[in-house]
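Encoded as structure tokens, the structure appears first; notes follow it.
Every number in this text was worked out from the coordinates using simple rules, so none of it is lab data. In this text the structure is predicted, and so the values were computed from the model without any measurement. Neighbour counts are summed over all protein chains in view; Cβ atoms, including those assigned to glycine, are modelled from backbone coordinates with ideal geometry.
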Amino acid sequence: MVFSFDLLLEAVVFGILLGCFYAAVSIGLSVSFGLLDVPHIAHPAIMVFGSYCTFVLGRYGFDPIVAGVVLMPAFFVLGMGVYRFYYEAFERRGSDAGVRGIAFFFGLALIIEVGLILAFGVDQRSVEAAYIGKSLSIGEMRVPLRFLVAFGVALVLMTALTLYLSKTFTGRAIKAVAQDEAALRLMGANPVRIKQWAFGIATAVAALAGALLIIVGPVEPGLDRVYIGRTFSVVVLAGLGSMTGTLAAGLILGISESIVLMHFGASWAPAVSFGLLLIVLGIRPQGLFGR
Amino acid sequence: MKFWASAGLVFSLAVIAAAIVKNEYYFFAGYTVLMFVVLATAWNILGGYVGYVNFGTPAFFGLGAYTAAVLFKATAAPLALQILAAAAMSGLLGFAAGLLTLRLRGIFFAIATIALVVIIETLINNWRYAGGATGLQLLRPPPTAPFESYVKMLFVLMAALAVAAVAIARYIERSWIGRGLRAIRDSEEAAECSGVPTLRLKVFACTVSGALMGAGGATMPMYLSFIEPASTFNLNYAIGALASPMIGGTAGYLGPVIGAILLSTVQQVVTVTISSEMNVMVVGVLLVVFVVAAPEGILGLIRKWTRSSSR
């Protein structure tokens, strides 16, 4: 293997762009799983569902990012519904929520995935926009514009969510419910309603993340399987529920994946996120910024 | 006694069927059903008794299949040896993975097992000798004496394996090991405090479960005369292995058997009559319906029904 500094630099730059994107697709999970402790394996599937909704709206002339934003209210309601159902069926009964809750979200992911196959077929789908297909040249380097757009939206999304969680009343309540549910109940707040709200927000964020997903590259129904590894490794590496950690972890994953991609080839890339995840779980299960 | 009589009966039925029935399709389908009995029974040893959700079935299954295939390619080893080697390798993987990951609880363990699948698939994808991503064509030797076709032989072999797997699960369930495992499921801290060697028992369960899954995958390369990573490490094996006990009932050894027979039969029928996408949809819907509405599975429903009617 020939080591080249230029290639490494390119890998790092690309990795930073990719990393921000990974952080953006994981941040919804960072709320639903990281803060609320819901074993939400269906998060990537809901995201891919968001990509397909973006694709459908794209046919009517919507820009993918606009489509993603338009979808957010609908996904918010969807998320609240999913959490309500999960709560009634598992959390409230209390018994054995672990195994069956995981199986429930696994089944949900399957249903979404196969539903998409039945509706759209297994072919890859992509959207069109002015910034897709072009690239920006910086010196020797060529950076695809679509990644820059995704990078920008990702940063805005993460800043907004971080501010929301730390500055607003509901945001702080969401953080509080993650820390001590019983205490919140004693303060007179309803933890279930707050969790439901938070899960709605996480799902709305997943809609926009889905739009980013289809901007960055073509999607297919089975894509959620790859993103289970990526999103969970980012959330676990970040330390559950830490928003700054999510960005840092996304960057770590993005940069290591792009270095492996450029130096060892595409066939090794899928193992990076999962390998990283196993290492983190083995050495530091509380993550980089664990609570 | 009753168990061994019915186990013997089931196995002899398989042998008699192989001797009488001519249509080979039934053995192709029957092999798959029995394979899922093995996988579901193996899954339940860790998932049902201990309560650790394992999505890693394809890793153990696939490692078993590849062990058998590579062994056959290198030494033309007989089928029995292939199965033993596959069980040993997958058992070893279960042991190692168990030591590394069984300190993790709940969803973390589940995600770690998905990681296992992707990592082993990636390794095989990059292993030239085992065919890499394109796969490996295998030439089946002629079937051994009493059998006239290879598929029938594999079918009878899988029936024997299924009986063995269920017997092992039943033994574990009834011994002190099973009691320890159930104690871990109910409360790991309480079990540890009462002197149950929790980690050792969990690793044991993971090893046995992995070995059985590996044995279940060992004859797959011969069944297809072909092996390639994408279909061998397919998540559908994880789905079947997890959904069957959930549908049949996770408490005892009979649940996964009932679930696997029911589920894979329905799957076969749906795949043939409608489409293979629809078959995954059916599993997904059944899984969600059962975990929500009947957490004890079919056996739980039957128990509830008999109890209320006897009153």
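For chain A, set up a GNM with springs between Cα atoms under 10 Å and report which of A:Gly121, A:Gly19, A:Gly28 has the largest fluctuation. Maximum fluctuation in the GNM of chain A, among the listed residues, is at A:Gly121. Normalised by the number of residues in chain B, what is the relative contact order in percent for Cα pairs under 8 Å and 6+ residues apart? Relative contact order here is 31 percent.
Mind giving me the FRET efficiency for B:Val266 and A:Tyr164? R0 is 51 Å, r the Cβ-Cβ distance, nearest 0.05 is fine.
Efficiency, rounded to the nearest 0.05: 0.65.
Helix A:269-283 against the longest principal axis of chain A: what's the angle in degrees, Cα atoms only, rounded to the nearest 10? Once rounded, one gets 50 degrees. Residues in the range A:126-132 carry Karplus couplings, in order, of 9, 10, 10, 7, 4, 8, 8 Hz; the curve used is 6.51 cos²θ - 1.76 cosθ + 1.60 with θ = phi - 60°, and Gly or Pro positions show x. A straight Cα-to-Cα reach below 18 Å connects A:Lys195 with the aspartates and glutamates A:Asp37, A:Glu88, A:Glu91, A:Asp180, A:Glu181, residues fewer than 8 places away in its own chain not being considered. Loop-located chymotrypsin sites (Phe, Trp or Tyr not before Pro) in the range A:1-60 (DSSP state not H, G, I, E or B) with no more than 14 neighbouring Cβ atoms inside 10 Å: A:Phe3, A:Tyr60. What is chain A by shape, rounded, prolate or oblate, if you read a ≥ b ≥ c off the alpha carbon gyration tensor as root eigenvalues and call it rounded for a/c under 1.5, prolate for a/b larger than b/c, and oblate otherwise? It is prolate, given that a/c is not under 1.5 and a/b is the larger ratio. Sites counted here are GluC sites (Glu not before Pro) in a DSSP loop (not H, G, I, E or B) having no more than 13 other Cβ atoms within 10 Å; the longest part of chain A that contains none of them is A:141-291.
Remark: mean inter-chain Cβ contacts per residue of B:286-296 equal 5, using a 10 Å Cβ-Cβ cutoff to other protein chain atoms.
Largest mean-square fluctuation among A:Ala11, A:Ala189, A:Ala248, in a Gaussian network model of chain A whose springs join Cα atoms under 10 Å apart, belongs to A:Ala189. Would you mind checking B:Lys73/B:Lys152; B:Lys73/B:Lys202; A:Lys175/B:Lys304 for any pair whose Cα atoms are more than 32 angstrom apart? Flagged as over cut-off: B:Lys73/B:Lys202; A:Lys175/B:Lys304.
Using Cβ point charges alone (K and R +1, D and E -1), the dipole size of the protein assembly as shown about the Cα centre works out to roughly 1340 debye. Amide H to amide H, with H built 1.01 Å from N, B:Phe226 comes under 5 Å of B:Leu138, counting only residues 5 or more places away or on other chains. By the count of neighbouring beta-carbon atoms within 10 Å, fewest first, A:Thr54, B:Thr198, B:Thr134 end up ordered B:Thr134, B:Thr198, A:Thr54.
Between 0 and 90 degrees, the angle of helix A:145-167 with respect to the longest Cα principal axis of chain A falls at about 30 degrees.
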